[in-house]
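All of the numbers you see were taken from the coordinates with simple rules; none came from a lab. Keep in mind the model is a prediction, meaning the values are calculated, not measured. Note that each Cβ is placed from the backbone with ideal geometry, even for glycine, and that neighbours are counted across all protein chains shown.
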Amino acid sequence: MIKLKGIGKFFPGVVALDGVNLSVGKGEVHALLGENGAGKSTLLKILSGAQPADTGTIEFDGQVQHFHTPQDAQEAGIATIYQEFTLFPDMSIADNIFAGREVHSGGFFIDHSAMRKAAKAVTDKLGIEMNPATKVRDLSVGEQQLVEIARALTMDAKLIIMDEPTAALSRREIEQLQSIIADLKAEGVSVIIVTHRLNEVFECCDRYTILRDGQFITSGRVDDVDEDQIISMMVGRSMESLFERRASQAPGDVVLEIENLTNQSSLAAAAVVLKKISMTAAAGEIVGLAGLVGAGRTDLARTLFGAPLGTTGDIRINGEPVSIQNSLDAIKAGIALVPEDRKAQGLFLDLSCKHNVSVSNLGRISSNGFINEKAENALVDSYIDALNVRLANKDQPIKTLSGGNQQKLLLARWMATNPKVLIVDEPTRGVDIGAKVEVHRLLFEMAKSGVAVIVISSELPEILSVSDRIYTFCEGRLTGEFHQTEANEEQLMRYMSPSILSQTGASEDLTLAVAN
Amino acid sequence: MSSASQANANYKNAEKKTDYWALFAKFAPLIFLIILVIGFGIANDRFLSTRNMLNILTEVSIYGLLAVGMTFVILTAGIDLSVGSLLALCGMSAAWVATGGGGGGFGAAEAGYGWGLALATALGVGLFAGCIQGYAIAHFKIPAFVVTLGGMSIYRGLTLLIGDGGPISGFDGVYRSFGRGDILGIPVPAIFFVLIASAAALTLKFTNFGRHVYAVGGNEEAANLAGINVEKTLMGVYIMIGVLAGLAGFILTARLNSAEATAGMSYELRVIASVVIGGTSLFGGIGTIAGTIIGALTIGVLINGLVMLNIQSYWQLIIVGFIIVVAVGFDSFVKARSGGKG
């Protein structure tokens, strides 16, 4: 049905994909697997026409294709269900399903009743018992995902691409989806699924392809392998050799203690609710938080930096209970957070490098509200030197710097606040290897100076190389605790995947699986 | 190391490419203003007379005060459409107090409460309105556009109510001197404008509050996560523009020796135009007081020059509108050019 050969995609300074092959037969369900950053998303973007490939050929339905826009791919018969929702929240289910392909009567007016009928037919099939006139805004995240799927189904596509389709679905909805996939298969439709839940691969996929670091690793029949084999192929060894494991050092006194931290409702941005999280971080220690996207790691960080309403549980700093309602409280308590999304949550892109660093430290370099420029320059210069930030002029807008240098300045901002606890969320996302190593070195130095450092990362090699101790998260729960010496990728991966919750018979009170 | 030096090289190239455009964009408003002044000066020799220059300066000073406040508001990515109406309301309230509670008519000044209380009233009304609008915007997160659109209508209505639909006129000499007086030949309104604009520029550059204003406008979520009290910062800018509307309203009534119910009509256009022509981004985070002063002068020169050339006043609106679009369009063009890679 579709055959990709030698696909390459190069961004300035980064090879996103190189020599990737993928072939999917008619009526085949194919799993596309790989770690975060392996190149799956880029490959999907090429398949769906969102980005052109730089090298290689795409053969679809017996013809060589060049997709320039998503419309090209759709017309050829490829429907894509994206991980991020592309729905219009204030339009009805039916209008969303047929957006851009409205059913007309008499050539001009939209035939609402026909559209609703057709929408009803497909949503019934999916098991959404809902009036197709309902606004999408009123649906749950899982239901919205099903609407996305319904949209793809009505396109009469020959190939449907699903990017993490089950991430937001309940067990029942997942089963519904799997039976739909079986129907599609029977009708001769091909499906490509990207998923982190390996159990699903064995439940509904025929073949698999594994990518790692933008390279094609292997491809084969699902029946011929087991979960452990897939994990070791995904993880590989190439990354690990880049990062030397840090010699563990004896941690000092416990700085941060969290006990039974629970969110009654989810943070606005994510659908993850923390459930009875208890953990500690000691002075001089680097604690890694591992988990799939949406496992609750970031939500924990954000809760520590301004708890949403309805959060229960205790947070103690140096043994003293602290109440953190907002970021100001957190900073006063000695917590610093370098957020996940550097551009959206961290940087002031149009402001100068200097101002980006000093913004959280104005109290120390000003008197009576007036900034002492000398003190400011001295503060910023000292960090630019210490962190080896490459810039021509500290008054240039920070957006002109590379990702790595931006990240260093963001770290500088928070290091300058002299925190007791430094939380870094995805500290090396989108930075080149050289800067990555430097950022790690900074984290080591922070720990050495007695700060409790918490590192959140989707890259397991990173977590393994920097952490003294690692906690694994899954679906808002803490599922395991590992000391550096005992942890390895396969093990972490197992404790990050939802099957661990069922294996341990997890209910509200999950007993911690401690590896030592 | 090689990737790092390569990144450095890339950056240097990018800098070279953007420099020319950025530099041009920076000075374009000033160049345009100078061209305008020279052009009008050639077209009419009375234009460059000291008398006319001071006249322009006085005119500009009044809405210039509002533009200074508006710069702060727009830097936070907000907007205040109510400035013209609030200016009228503050002026009318001051006049009402000065004339002894709406006695009205000429010669009522003796019965009034004096310029001091009148000034305090104007500033107080501005402060109060700024507090309410700021609270609605910062705390209840009602869009600034909506809050101040409502304010625009409410204040105008209140102004008409206080003045009973008409003007309140006739103030004492000290009151009038706020609009008509001069110190060493420099009009009092201009002195206020220069002092306040300077203070505002220093505030933006050298105070924590100024930094917070840029940060909130640049990226509100990041500002919050950086430990900035976003609500307090937003309250601050709306209170500031309210108080400045009070001062400007007082000065305008002093200059006219009368509080008109229609004072400050469509000032929001002039004021926002001044800020935008001066290079402040409507998306917040970028802009300077110096730019706003140039913007305000540009509009003042334009209006005055067109009058001197006997061009029908309707053309003012058309030309000012045109310039706003061109100024913002030019800005977007430059940003796209300089590869707004974030």
- prompt: Roughly what angle does helix B:83-98 make with the longest principal axis of chain B, taking Cα atoms, 0 to 90 degrees, to the nearest 10?
  reply: 30
message: Going by amide H atoms built from the backbone, whose H comes under 5 Å of the H on B:Asp182, apart from near neighbours?
response: B:Val188
- request: For segment B:151-222, just say rounded, prolate or oblate: build the C-alpha gyration tensor, square-root its eigenvalues into a ≥ b ≥ c, call rounded for a/c under 1.5, and beyond that prolate if a/b exceeds b/c, oblate if not.
  value: oblate
query: Hey, if you put +1 on the Cβ of every Lys and Arg and -1 on every Asp and Glu Cβ in segment B:33-335, which of B:Tyr113, B:Gly163, B:Val334 ends up farthest toward the positive end of that dipole?
result: B:Val334
message: When a/c reaches 1.5 or more, the comparison of a/b and b/c decides; with that in mind, is segment A:1-132 rounded, prolate or oblate per its Cα gyration tensor?
response: prolate
query: Mind checking the mean number of beta-carbon atoms from other chains within 10 Å of the Cβ atoms in A:349-356?
result: 5
- request: Over 52 Å, how big is the tail of the calculated P(r) for the protein assembly as shown, in percent of all Cα pairs?
  value: 28
task: Could you tell me what percent of the DSSP beta bridges with both partners in the protein assembly as shown are antiparallel, to the nearest 5?
output: 55
message: I need to check one value: relative contact order of segment B:33-335, counting alpha carbon pairs closer than 8 Å and at least 6 residues apart, in percent.
response: 32
query: Sorted by packing (mean other beta-carbon atoms within 10 Å per residue), highest first, where do A:324-330, B:26-32, A:473-479 land?
result: A:473-479, A:324-330, B:26-32
field: From phi via Karplus (6.51, -1.76, 1.60), per-residue ³J(HN,Hα) for segment A:213-220 in Hz, x at Gly/Pro
entry: 6, x, 10, 6, 9, 6, 8, x
- prompt: Taking the Cα centre of chain A as origin and charging only Cβ (+1 Lys, Arg; -1 Asp, Glu), how large is the dipole, in debye to the nearest 20?
  reply: 960
task: Would you mind checking the pairs A:Lys354/A:Lys420; A:Lys9/A:Lys399; A:Lys343/B:Lys232; A:Lys399/B:Lys26; A:Lys399/A:Lys420 and listing those with alpha carbons more than 27 angstrom apart?
output: A:Lys399/A:Lys420
field: Interchain or long-range residues, amide H under 5 Å from B:Ser169's placed H
entry: B:Gly105, B:Ala259
message: Sort B:Ile142, B:Ile277, A:Ile180 by Cβ crowding within 10 Å, fewest neighbours at the top.
response: B:Ile142, A:Ile180, B:Ile277
- line: Applying the span-like rule to chain A (DSSP H, Cα extent along axis at least 20 Å, Kyte-Doolittle mean at least 0.5) gives none
task: Using only Cα atoms, tell me the angle between helix B:314-337 and the longest principal axis of chain B; keep it within 0 to 90° and round to the nearest 10.
output: 20
Leading residue at positive end of dipole, the protein assembly as shown (Cβ point charges), from B:Gly305, A:Leu153, A:His30: B:Gly305
query: What is the fewest-to-most order of A:Ser367, A:Ser360 by other Cβ atoms lying within 10 Å of their Cβ?
result: A:Ser367, A:Ser360
- prompt: What shape does segment B:33-335 have by the C-alpha gyration tensor, where a ≥ b ≥ c are the square roots of the eigenvalues, rounded means a/c under 1.5, and otherwise prolate means a/b greater than b/c and oblate the rest?
  reply: oblate
Rounded tilt (10° steps) of B:267-277 against the dominant C-alpha axis of chain B: 30
task: Compare the Cα positions of B:Gly218, B:Ala248, A:Pro251 along the charge dipole of the protein assembly as shown (+1 at Cβ of Lys, Arg; -1 at Cβ of Asp, Glu; about the Cα centre) and return the one farthest towards the positive end.
output: B:Ala248
- prompt: Between A:Cys474 and residues 5 or more places away or on another chain, which pairs have amide H atoms under 5 Å apart, with H built 1.01 Å from N, and which residues are they?
  reply: A:Thr479
- request: Tell me what chain A gives for mean residue ellipticity at 222 nm when only DSSP H runs of n ≥ 4 count, each as -39,500 (n - 2.57), the sum divided by the residue total, rounded to 500 deg cm²/dmol.
  value: -9000 deg cm²/dmol
query: Per residue of chain B, what 222 nm ellipticity follows from adding -39500 (n - 2.57) for every DSSP H run with n ≥ 4, rounded to the nearest 500?
result: -25500 deg cm²/dmol
message: Only counting other Cβ atoms within 10 Å, I'd like A:Ser352, B:Ser85 sorted with the fewest neighbours first.
response: A:Ser352, B:Ser85
